[in-house]
Amino acid sequence: MNEAIHLLSVVIPVHNEAENIVPLIQEIEQALAATVNFEIVYVNDGSTDDTANRLTEAKSKSSRLRVVHHAKSCGQSTALRTGVKAARGDWVVTMDGDGQNDPGDIKMLIAALKEGVDLVGGNRRHARRDSWIKRVSSIIANGVRSRLLNDSTPDTGCGLKLIRREAFLDLPYFDHMHRFLPALVQRRGGGVVSVPVHHRAREHGQSKYGTIDRLMVGIVDLVGMLWLLRRAKRPIVREE
């Protein structure tokens, strides 16, 4: 068992991912069983399909699974924050609920932890299993974001991240903040590292985002992030 992490909380926000619930839970439990003490926290973000029922059924079979429901969809960032607030672990792994993140990669994120690091992010650039237009759009968006924010992160859009819970809850909250976690952690004074991870094709369900939607929202959010970073102050504190 990993001694650097007392309890790991795997937080997964989902919206209409019924077909992916059980297979992903099984994979997570198999991947982490002999690695670290862990719990799984699902946030059902106002799903209108059979997601809630699948989660209820899965919870009856897994003592590690906890489920939180939003009465209506609030978006990924809000669902993620709900999950982290509900988490009991000192460290949190965030994952997408569509099955494209590989739970086996969580061990690589844990292995990359070192002194001063508050976030370890996955990098899918070498292994993307998306359409060519999504891959090209991601490369351009990540390049622009990294140059402007100087967050030293090649793939901030990867949902697979390991972050100190205390650090996450100390970050400024706003819609779509999950896309800027590395820059926000650096703003707070924490270290950030990236490790190569796998990326798998979606087997069930449909993507919740369009390329144009991401682009337009991303431009507005990027302007807001630049404003936020320029007003950041980190005091040097000394207690007598």
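The values are calculated or read from the model by the stated rules, or taken from the named source; none is laboratory data. Quick caveat, the model's predicted, so the values are computed rather than measured. Glycine also receives a Cβ, built like all others from the backbone with ideal geometry; neighbour counts cover every protein chain displayed. Ligands, DNA and RNA are excluded from the accessible area calculation, which covers all protein heavy atoms including side chains. Shrake-Rupley method; radii C 1.70, N 1.55, O 1.52, S 1.80 Å.
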Study note, to complete from the structure: Result of the Cβ filter at 8 Å on the range 178-202, keeping first residues that are within 17 Å of G157 (Cβ to Cβ) and β-branched (V, I, T) and partners that are at pLDDT below 90 and open to solvent by 60 Å² or more (accessible area, probe 1.4 Å), at least 6 apart or interchain, is V192/S152
Exercise for review: Report whether or not D90 is at pLDDT 95 or above, closer than 20 Å to E27 by Cα and open to solvent by 30 Å² or more (accessible area, probe 1.4 Å).
Suggested key: no
**Study point:** Matching entry among D151, D155 (being farther than 30 Å from V22 by Cα, in a loop (DSSP other than H, G, I, E, B), at pLDDT below 90 and open to solvent by less than 10 Å² (accessible area, probe 1.4 Å))
**Key:** D151
Review point. Looking at (1) more than 19 Å from L7 (Cβ to Cβ); (2) outside any loop (DSSP other than H, G, I, E, B), which is the only condition Y42 fails?
Key: (1)
Check your understanding: For the range 175-203, which residues satisfy the criterion of being over 17 Å from I163 (Cβ atoms), out of contact with any Gly (no Cβ under 7 Å at 6 or more places or on another chain) and open to solvent by 60 Å² or more (accessible area, probe 1.4 Å)?
Key -> P196, H198
Practice item. Would you please list the contacts, defined by Cβ atoms under 7 Å and residues six or more apart or on different chains, that run from a residue in the range 28-56 that is more than 21 Å from L160 (Cβ to Cβ) to a residue that is small (G, A, S)? Key: G46/A71; G46/S73; D49/A18; D50/A18; R54/A18
